[in-house]
Amino acid sequence: MGPQAGRASTPPWVVALLSALFFLGSPTTAFAHNVVEDRDPAADSVVTLSPVTVSVTTNDNFFDTGDVTRGFAIVARDATGLYYGDGCVTINERTMSQTLGLGEPGTYTVLYQFVSADGHTLQDSYTFVFEPSPEHVPTPGLSEPPMCGELPEDLPVEQTAPENSVPLDSPQVLADESVSLIPTVAGVIVLIVVLIGLGVSGLRKRRAQN
């Protein structure tokens, strides 16, 4: 019997290319978005006390933007469109929070934004009902979303705003596009390194055979 015909093997660079493309095309596996696990107060719940601490907890640590005022925000808005809070967000690993005073009784909408571990900016909102006691003293609402460290024009003089904040609908609150491109850039670097390594290896093998 003659020698068996060998099957054509796939060139190493093709294998590397397919692997890299799979890496770049599977962000849900390598760089999954943070998933919200808990919100306090819960959606559609009844809140009776003010100030109230609003918090959002996810399944993973948030992306470190180097500044919590960049890409992170929590604000409450009443039925008349007035905003509440100082715009300053506290981050503790997987939880972002802000303590804010509420105004008149009624339905409030919590709007929040964070930068996921994969570098993508995520936003969402939900509502709760505020039913305070008769002794409740309403906190003045703001016509514009609050910015941490800046005193709004319609904020009473006797009140002061803490430092550092960005309103939810301010352009500053959106994470730079470069943040979202981090996984792609990393994948391209991996692809280039792998292809260069395989090219050098193939060249050495051809020289050795000759």
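Structure notes:
- The number of residues in the range 120-137 that are touching an Asp or Glu at 6+ places or on another chain (Cβ under 7 Å) and among the polar types (S, T, N, Q) comes to 1.
- Candidates Ala42, Ala20, Ala30: the one that is on the phi < 0 side of the Ramachandran plot and at pLDDT 95 or above is Ala42.
- Meets criteria (in contact with a His (Cβ under 9 Å, 6 or more places away or on another chain), closer than 27 Å to Ser133 by Cα and aliphatic (A, V, I, L, M)) for Leu100: no
- Selection from the range 105-147 of residues that are more than 21 Å from Glu37 (Cα to Cα), touching a strand residue (DSSP E or B) at 6+ places or on another chain (Cβ under 8 Å) and free of Cβ contacts under 8 Å to residues at least 40 places away in the same chain: Pro105, Gly106, Thr107
- For Val129, the requirement of being surrounded by fewer than 22 Cβ atoms within 10 Å (Cβ to Cβ), within 26 Å of Asp44 (Cβ to Cβ) and among the hydrophobic types (A, V, I, L, M, F, W, C) is met.
- Answer from Val110, Val129 - the residue that is among the aliphatic types (A, V, I, L, M) and touching a Lys or Arg at 6+ places or on another chain (Cβ under 8 Å): Val110
The values are calculated or read from the model by the stated rules, or taken from the named source; none is laboratory data. Since the model is a prediction, treat every value here as computed from it, not as a measurement. Note that we place each Cβ from the backbone using ideal geometry, even for glycine, and neighbour counts take in every protein chain shown.
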